[in-house]
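Scroll down for the structure; my scribbles are underneath it.
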Amino acid sequence: MRIDRVMPVAQAEDEPDDPAGESPLAGLYAVARACDPPGPVTSWRLFAASARNGWDGERAEAWAARDDDRSGGRVAGGYVLRFPQDQNTHLALLQLMTHPERRREGIGRALLDHAIGRARAAGRRVLITEAPADGPGSAFAKTRGFSPASTETRLVLDLRTADWSGLELLRARTVRHATDYSLERWAGPTPDDLLSDMARLMEGMNDEPLGDLAMEDRRWTADRVRTREEMRGRAGQRAYTMIARHTASGEPAGFTQILVDAERPEGWGRQAATTVLAPHRGRRLGLLLKLANITWFRACEPSVERVITWNSVRNPHMLAINEAMGFEALDTWHQWQLEI
């Protein structure tokens with residue numbers, strides 16, 4: 001078996017809808033698809049963009065494991081390693097995959113050792129990965145010395161069976177607590193004149209409970225917001241954004257986003273960040289934002305049947321909001337941490 005660096009030649013925005021040929025990146029995507037848990041499918045364009053450019057301005061690299069004496073060197077596993085660039089420069093973020101048919105052959109162990117070497121060479125001290133709590137990934141992480149540092153529940157709202165009349169009544173009751181605020185919305189990239197507001201709102205995500213993860217607060221600027229949006233565009237993702245603004249002062253107070261594959265949603269949307277800045281909490285803005293955005297999203301994306309979200313088990317407030325909307329638990333995930 002050999003572990004080769006994946007060296008893509010095309011940019012993610014130039015990718016076809018599906019991978020072609022036997023390139024290592026296409027082979028690594030096939031492994032990722034074989035390992036996909038229940039829920040939305042990771043599209044080729046989304047996978048390719050993350051492997052090349054990271055999720056949020058990280059430097060990323062991808063490696064594929066294959067052996068020449070089996071199936072013409074078919075990819076049996078691999079990993080994507082992402083290196084945060086502005087804050088958290090002590091971290092490396094790992095997505096490791098072994099094809100289900102090739103497990104228990106030492107491939108995962110070899111890949112992890114290789115990834116640790118790459119992370120150390122980049123000056124990183126902590127490795128973070130994630131896996132379903134009851135899956136082989138978590139069992140592997142535990143045996144290799146990782147510690148569970150954070151736990152999240154994935155929840156799904158079925159838009160086909162949701163109680164829309166009940167949600168509208170809930171929204172009407174919620175509005176009474178937020179009469180000093182107005183809502184604004186847009187689909188796609190943030191308008192230029194709102195980038196500074198979005199940067200302020202993204203700072204609110206630093207209050208998200210992280211458990212024992214060794215992560216620092218992230219600093220947000222208008223340029224960083226735009227960079228993230230450009231990366232999402234390369235990944236084929238479209239965002240539906242709703243913000244709350246304090247009417248008297250004009251200050252941005254909170255926001256929520258839902259993401260969807262712009263070309264091939266395949267029935268799924270992804271609920272992304274939701275936060276309310278500290279001075280504006282206690283007015284049910286989080287619930288109001290999510291109710292308004294899901295209603296708008298449903299009207300704009302009628303082919304989407306379900307929306308999935310992640311909820312830290314240490315964030316009972318957001319869990320209560322999701323449960324009030326009708327989200328139901330799908331599974332539990334751990335984020336695993338290893339000092340290297």
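Some points to look at:
- Enumeration of residues in the range 319-337 that are within 18 Å of the chain's Cα centre (by Cα), surrounded by fewer than 20 Cβ atoms within 10 Å (Cβ to Cβ) and in a helix (DSSP H, G or I): Leu319
- Test for Leu81: is it of a type in the set (A, V, I, L, M), buried (at least 21 other Cβ atoms within 10 Å of the Cβ) and under 29 Å from Gly269 (Cβ atoms): yes
- Strands (runs of 3 or more DSSP E) wholly inside the range 49-100 containing at least 2 residues that are of a type outside the set (Ser, Thr, Tyr), in contact with a strand residue (DSSP E or B) (Cβ under 6 Å, 6 or more places away or on another chain) and outside the structural domain of His114 (by TED's automatic domain parsing): none
- Complete set of residues in the range 195-216 that are over 15 Å from Thr275 (Cα atoms) and touching a residue at least 40 places away in the same chain (Cβ under 8 Å): Gly211, Asp212, Leu213, Ala214, Met215, Glu216
- When residues of the range 171-207 are limited to those that are modelled with pLDDT of 95 or more and acidic (Asp, Glu), the one nearest to the chain's Cα centre (by Cα): Glu203
- Restricting the range 125-139 to residues that are surrounded by 15 or more Cβ atoms within 10 Å (Cβ to Cβ) and in a helix (DSSP H, G or I), the residue that is farthest from the chain's Cα centre (by Cα): Pro136
- Only one of the numbered conditions (1) over 23 Å from Thr274 (Cβ atoms); (2) in contact with a helix residue (DSSP H, G or I) (Cβ under 6 Å, 6 or more places away or on another chain) is violated by Ala110, and that is (2).
- For the range 310-325, the criterion of being more than 30 Å from Ser147 (Cβ to Cβ) and modelled with pLDDT of 95 or more is satisfied by at least one residue.
- Candidate set from the range 145-186 (those that are surrounded by fewer than 14 Cβ atoms within 10 Å (Cβ to Cβ) and of a type in the set (Gly, Ala, Ser)); member that is nearest to Glu328 (Cα to Cα): Gly166
- Breaking point among (1) part of a loop (DSSP other than H, G, I, E, B); (2) in contact (Cβ under 8 Å) with a residue 24 or more places away in the chain; (3) assigned by TED's automatic domain parsing to the domain that holds Ala299; (4) of a type outside the set (Gly, Ala, Ser), for Thr161: (2)
- Check on Gly108, at pLDDT below 95, buried (at least 16 other Cβ atoms within 10 Å of the Cβ) and either among the acidic types (Asp, Glu) or outside any strand (DSSP E or B) (or both): no
- Residue within the range 114-124 that is β-branched (Val, Ile, Thr), under 21 Å from Glu61 (Cβ atoms) and surrounded by 14 or more Cβ atoms within 10 Å (Cβ to Cβ) present: yes
- Test result for Met231, in contact with a helix residue (DSSP H, G or I) (Cβ under 7 Å, 6 or more places away or on another chain), in a helix (DSSP H, G or I) and at pLDDT below 95: yes
The values are calculated or read from the model by the stated rules, or taken from the named source; none is laboratory data. Nothing here was measured: the structure is a model prediction, and the numbers come from that model. Note: ideal-geometry Cβ built from the backbone for every residue, glycine included; neighbour counts use all protein chains shown.
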